[in-house]
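Worksheet: the structure to be examined is printed underneath.
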Number of protein chains: 2
Amino acid sequence: MRALVFDGQLQFTRDYPMPRVPADESLVRVVRAGICNTDLEICKGYLDFRGVLGHEFVGVVQEGAMQGARVVGEINASDGTCPTCLRGDATHCPQRTTLGIVQRDGAFAEYLTLPTRNLHRVPDAVSDAQAVFVEPLAAALEITERVHIRPTDRVAVIGDGKLGLLCAQVLQLTGCDVLVIGRHEKKLAILNQRGIRTTTDAPAIKEQFDIVVDCTGNAGGFELARRLTRPRGILILKSTFHGAQAMEFAPMVVDEISIVGSRCGPFAPALRLLERKLVDVESMLSAEYPLARGLEAFERAGAVGVLKVQIVIGDG
Amino acid sequence: MRALVFDGQLQFTRDYPMPRVPADESLVRVVRAGICNTDLEICKGYLDFRGVLGHEFVGVVQEGAMQGARVVGEINASDGTCPTCLRGDATHCPQRTTLGIVQRDGAFAEYLTLPTRNLHRVPDAVSDAQAVFVEPLAAALEITERVHIRPTDRVAVIGDGKLGLLCAQVLQLTGCDVLVIGRHEKKLAILNQRGIRTTTDAPAIKEQFDIVVDCTGNAGGFELARRLTRPRGILILKSTFHGAQAMEFAPMVVDEISIVGSRCGPFAPALRLLERKLVDVESMLSAEYPLARGLEAFERAGAVGVLKVQIVIGDG
């Protein structure tokens, strides 16, 4: 089958082997998939992954209990039986594989497999292009899943990339006072249209915030986030970037700051928000490419000012 | 008056000026005071403090509403009127001074002053030597004040210094399963006598914990703490040490770890625990010195294997 494979470098191939389908998994024909910053980081060496990239997708079940259904899929395949899974932390199962990220071929291919329990039917009101945003939208919802955001909280989101824009939209649904700090007027305009305050002038911000979300995807974001977090406030890390960063611990203890790491989130509420049109994802779609032009798509996705790039693989 | 003063270096003097007593403060004649690791860090340059050191004390009110009462005192003097104070975070008041730490002379002197509302009467059942432990015991209680520790949690405390021993004792009162990782059999024996499991063999620990408390007071503790924290677990920082440390952010996001800074805690529950004899502090008293031998006391407090050193200043 056709696929975009990372093997030390990214390449397009027409004869990648079809996946075998284990008993508890389904075969999904991929319709459309999105490029995430994690894909770009993997191409720089993050996690040392080899195989088909891609973990944001919508597809149609070809073989399995939900045959014929249009679906999206949670990306962590867990064993479901270990102590970690049984205490409700299945996305942290030590035996897990992760679609296009850890020891499992991903979505930039004609077909993929996932455990049947990972699949979610997509409501008719949600388009294919929208459905591909379910995975990153779920990651944004992991913030409100992990941390109690109060309607009275002052919240700063740092970063106006894809994840920053989704986090800001999810956070504003709580009624809290959100300020997004970014670099690109054009990206921030998407939020302004939804009544969310934005700024490109970080040094001018003198106030501090109850909650600060670092979505910059780079080490520099942390320092700003730390400065903007009030004593006893919560700094939420959404960025997975490659490498270490120097950190002063004493001021964190003195100010009693909490730092909370947050990763993959729940799909069902993400589908509900899209179905109810409470989050705008279409404005974030910068470009579409066919699978055969995948390398070009990756180049575009890494360019400054570009938001989501999707790869169109099959018919819906 | 006699005092131990830090002025770039620590010195004992017999003619330090008596403190002036502001309208809302009380004058306290100091009976006994304890040396804390923070004092040792200040002597290495931490926080750039100048003045009388010391913030753990018991004394008798000489002038003020509680005249004649034996008291301990919360160390942060806040304005009580700013937004930070009004939302209940008075220990983080941006205008605060802190006894013997930030712009306020401390307890290694014959007299000190504190806001009257900071003072707590010491119950008769609590001795002077015990009362000096109220401040660090309160700091240990700040863990359970900030984080919900469940009776079913597996908890690791790293560090067998004064604070580590107090934290372990406070944590075991929740009923949780505590393991303390230290370096000194003699210190750990204090905990073993109270039925708390300990080990000196950190590399042999293969399990992970729901809650990990870093009380090592040095940068190396963090790395071990991070390794022992399970996915979605909480790493509590109690150490205020000087300097920065390299930290990898991506694994924290992937594992959704929370890091919680924790500092000064509530005095009233610390006094209740001491009155009810639920925490053993006497076993932690390594030595006593008169104020005139304060420099010797500091040297002893910084030696390997030594726990609490107290300075006896006046009569109870």
Give the stretch B:122-156 a look and list any residue that's of a type in the set (Ser, Thr, Tyr) and under 30 Å from residue B:231 (Cβ atoms), or say none.
B:144, B:152
Looking at (1) of a type in the set (D, E, K, R); (2) open to solvent by less than 10 Å² (accessible area, probe 1.4 Å); (3) part of a loop (DSSP other than H, G, I, E, B), which is the only condition residue A:124 fails?
(2)
Which condition breaks for residue B:186 when tested against (1) within 14 Å of another protein chain (Cβ to nearest Cβ); (2) open to solvent by 50 Å² or more (accessible area, probe 1.4 Å); (3) touching a residue at least 40 places away in the same chain (Cβ under 8 Å)?
(1)
Please enumerate the residues belonging to the stretch B:112-121 that are out of contact with any Ser or Thr (no Cβ under 8 Å at 6 or more places or on another chain) and crowded, with 23+ Cβ neighbours inside 10 Å.
B:112
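Being more than 14 Å from chain B (Cβ to nearest Cβ) and either in a helix (DSSP H, G or I) or closer than 30 Å to residue B:226 by Cα (or both) is the requirement here; does residue A:299 meet it?
Values: more than 14 Å from chain B (Cβ to nearest Cβ): yes; either in a helix (DSSP H, G or I) or closer than 30 Å to residue B:226 by Cα (or both): yes.
Criteria met by residue A:299.
Considering the stretch B:25-59 alone, what residues qualify as being among the polar types (S, T, N, Q) and assigned to a helix (DSSP H, G or I)?
Initial filter on the stretch B:25-59 (among the polar types (S, T, N, Q)): B:26, B:37-38.
B:37, B:38, listed by residue number.
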Identify all residues within the stretch B:130-152 that are open to solvent by 20 Å² or more (accessible area, probe 1.4 Å), in a helix (DSSP H, G or I) and within 12 Å of chain A (Cβ to nearest Cβ); write none if there are none.
B:145, B:146
Cross-chain or 6+ apart pairs with Cβ under 7 Å, the stretch A:116-131 first and farther than 16 Å from residue A:29 by Cα, then outside any loop (DSSP other than H, G, I, E, B)
A:123/A:271; A:123/A:275; A:125/A:275; A:126/A:271; A:126/A:274; A:126/A:275; A:130/A:274; A:130/A:282
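Considering the stretch B:85-111 alone, what residues qualify as being in a strand (DSSP E or B) and open to solvent by less than 40 Å² (accessible area, probe 1.4 Å)?
Pass one, the stretch B:85-111, residues in a strand (DSSP E or B): B:97-98, B:102, B:109, B:111.
If the condition is that a residue be in a strand (DSSP E or B) and open to solvent by less than 40 Å² (accessible area, probe 1.4 Å), then B:97, B:98, B:109 are the ones that fit.
Right, residue A:280: assigned to a loop (DSSP other than H, G, I, E, B) and modelled with pLDDT of 95 or more or not?
Spelling it out, residue A:280 is indeed assigned to a loop (DSSP other than H, G, I, E, B) and modelled with pLDDT of 95 or more.
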Among what's in the stretch B:58-80 and is charged (D, E, K, R) and within 18 Å of residue B:315 (Cβ to Cβ), pick the residue that is surrounded by the fewest Cβ atoms within 10 Å (Cβ to Cβ).
B:63
Which residues, taken from the stretch A:229-259, are under 30 Å from residue A:134 (Cβ atoms), among the hydrophobic types (A, V, I, L, M, F, W, C) and open to solvent by 10 Å² or more (accessible area, probe 1.4 Å)?
A:234, A:241
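Take the conditions more than 7 Å from every other protein chain (Cβ to nearest Cβ), open to solvent by 30 Å² or more (accessible area, probe 1.4 Å) and under 16 Å from the mean Cα position of the chain (by Cα) and apply them to residue B:290. Does it pass? Walk me through how you get there before you give the answer.
Working: more than 7 Å from every other protein chain (Cβ to nearest Cβ): yes; open to solvent by 30 Å² or more (accessible area, probe 1.4 Å): yes; under 16 Å from the mean Cα position of the chain (by Cα): no.
Here the answer is no, as residue B:290 does not meet what is asked.
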Of all residues in the stretch A:189-228 being in contact with a Ser or Thr (Cβ under 7 Å, 6 or more places away or on another chain) and closer than 15 Å to residue A:166 by Cα, which is surrounded by the fewest Cβ atoms within 10 Å (Cβ to Cβ)?
A:192
Out of the strands (runs of 3 or more DSSP E) lying entirely within the stretch A:202-263, which hold 1 or more residues that are more than 9 Å from chain B (Cβ to nearest Cβ) and of a type in the set (Gly, Ala, Ser)?
A:229-237
Reported set for the stretch A:247-277 where residues are closer than 23 Å to residue A:37 by Cβ and free of Cβ contacts under 8 Å to residues at least 40 places away in the same chain is A:247, A:259, A:261
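Residue-by-condition table, conditions (1) surrounded by 21 or more Cβ atoms within 10 Å (Cβ to Cβ); (2) touching a Phe, Trp or Tyr at 6+ places or on another chain (Cβ under 6 Å); (3) farther than 22 Å from residue A:71 by Cβ; (4) not β-branched (Val, Ile, Thr):
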{"site": "A:270", "(1), (2), (3), (4)": "yes, no, no, yes"}
{"site": "A:278", "(1), (2), (3), (4)": "no, no, no, yes"}
{"site": "A:283", "(1), (2), (3), (4)": "no, no, yes, yes"}
{"site": "A:298", "(1), (2), (3), (4)": "yes, no, yes, yes"}
{"site": "A:302", "(1), (2), (3), (4)": "no, no, yes, yes"}
{"site": "A:306", "(1), (2), (3), (4)": "no, no, yes, no"}
In the stretch B:4-37, what residues are charged (D, E, K, R), in contact with a Ser or Thr (Cβ under 7 Å, 6 or more places away or on another chain) and crowded, with 19+ Cβ neighbours inside 10 Å?
B:25
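The values are calculated or read from the model by the stated rules, or taken from the named source; none is laboratory data. The model shown is predicted, which means the values in this text are computed figures rather than measured ones. Quick reminder, even Gly has a Cβ in these numbers, built from the backbone with ideal geometry, and neighbours come from all protein chains shown. For the accessible areas, the whole protein counts, side chains as well, though only heavy atoms, and no ligand, DNA or RNA atoms are used. Shrake-Rupley method; radii C 1.70, N 1.55, O 1.52, S 1.80 Å.
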